[in-house]
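The values are calculated or read from the model by the stated rules, or taken from the named source; none is laboratory data. This structure is a prediction, so every number in the text was calculated from the model and none was measured. Note: ideal-geometry Cβ built from the backbone for every residue, glycine included; neighbour counts use all protein chains shown.
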Amino acid sequence: MAVQTTAPGGQPGEITAQPARGLSVANIWGEIRRIPIIPLFVLIVFLVVPAVFADVLAQHDHTIGDLDRVLEPPAWVPDRATEQTIVQRARDNNAEVSINNARRNLDSGAGTLIDTNGNGQPDIGETMVRVEPGGNWEYPLGTDKQGRDVLSRLMHGARISLAVSALAILLGGVLGTGLGMLAAFKGGLTDAILMRIVDIKLAFPSILLALTLVVAIGSGFSTVVIVIALLLWARYARVVRGEALTIKERDFIDRARVAGASNLRIMGRHIFPNVFNTVIVLATLEVGHVIILEATLSFLGAGIPRPQPAWGLMAADGREVITSSWWIFLFPCLAIVLTVLSMNLLGDWLRDRLDPKLRNV
């Protein structure tokens, strides 16, 4: 493309040829480098693959446990010997006494205590040495209070989180996008009523409103999806309305009206394609919000019912034994943090790539 410029050593006004920017190895490599590789890898490995292939990858049943393998630590935790004092009441004077120096026999089975004196009862004043067994690779992330495999439950929990996020965002996005375009296109009283409803919805705390709806409807997978969708639509409506108000004043909308296009055709063929990028970016950013909402509801006992392995429900089960069996609480919380952080980073990248104003910043 020829542009007017001043070439080195030339005169002002001289016409020189400037090559148009096209695809090259450097440009392609620059685009690849901008992709958030680590968040994308975390999402694929820790959310998508476990959710899709949970039935194949999980080594154990995620709802049925083994009571002989209760509270086993992760595989890398070694055996640990600890000294412990056991207090019991003497039969004769009902006083608290210490029992010391009884040993655990690992050969006779987990949890078996041996009387070192052989008199059938540990003597008063003895010290008890307790050996806590380590983990094994049959349960890589340990087991919970019912002897269920934590890793298998995390995989199936990823499926629940992905399903809830996809369905809730789809329902809330469709409802909010449609109402937002309708408010912007119709204007007047329709716009005022819809936006006041949005203001009322945004004024309520999300968790409080979700708990109220769950109590009124009843807990369950379908309830969680519907409740979260009802919480999301207002955000889509507000954002889409703002975009549609700008697009509505463009010249191509006036030309479509002159050509005889109906209002529904204008919204579907001309306004919606121009707000679609914004809807996609908002949907990506909302995934993390939905996962936190679902986990919070499950943690409070108002979300996915037991024995389903929702991440929030797993964290709630682990809070009672967090000091002794930390892995039950840690791993579902870590899965929530990694997933939400990765989705937010991916959403920021999509916003930069899909927004023309930010594309070259």
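A count restricted to the stretch 221-265 and to residues that are closer than 12 Å to Val279 by Cα and outside any helix (DSSP H, G or I) stands at 0.
Provide a single number: the residues in the stretch 165-203 that are free of Cβ contacts under 8 Å to residues at least 24 places away in the same chain and of a type in the set (Ser, Thr, Tyr). Number satisfying all stated conditions: 1.
The residue that is surrounded by the most Cβ atoms within 10 Å (Cβ to Cβ), among those in the stretch 207-256 that are touching a helix residue (DSSP H, G or I) at 6+ places or on another chain (Cβ under 7 Å) and of a type in the set (Lys, Arg), is Arg241. Looking at Gly268 and the list (1) in a helix (DSSP H, G or I); (2) modelled with pLDDT of 85 or more, which single condition is not satisfied? In the conditions (1) in a helix (DSSP H, G or I); (2) modelled with pLDDT of 85 or more, Gly268 misses (2) alone. Does the stretch 316-337 hold any residues that are of a type in the set (Ser, Thr, Tyr) and exposed (fewer than 15 other Cβ atoms within 10 Å of the Cβ), and which are they? Within the stretch 316-337, Thr323, Ser324 qualify.
Among the numbered conditions (1) modelled with pLDDT of 90 or more; (2) over 20 Å from Val287 (Cα atoms); (3) crowded, with 20+ Cβ neighbours inside 10 Å, the only one that Gly142 does not meet is (1).
The set of residues in the stretch 146-201 that are of a type in the set (S, T, N, Q) and in a helix (DSSP H, G or I) comprises Ser152, Ser161, Ser165, Thr177, Thr190.
Cβ-Cβ contacts under 8 Å between residues 6 or more apart (or on different chains), taken from a first residue in the stretch 204-229 that is in the same structural domain as Gly173 (by TED's automatic domain parsing) and aromatic (Phe, Trp, Tyr) to a second residue that is surrounded by 14 or more Cβ atoms within 10 Å (Cβ to Cβ) and not in a helix (DSSP H, G or I), are listed as Phe221/Ile304; Phe221/Gln308. Residues that are within 30 Å of Leu182 (Cα to Cα) and either modelled with pLDDT of 90 or more or under 19 Å from the mean Cα position of the chain (by Cα) (or both) do occur in the stretch 293-304.
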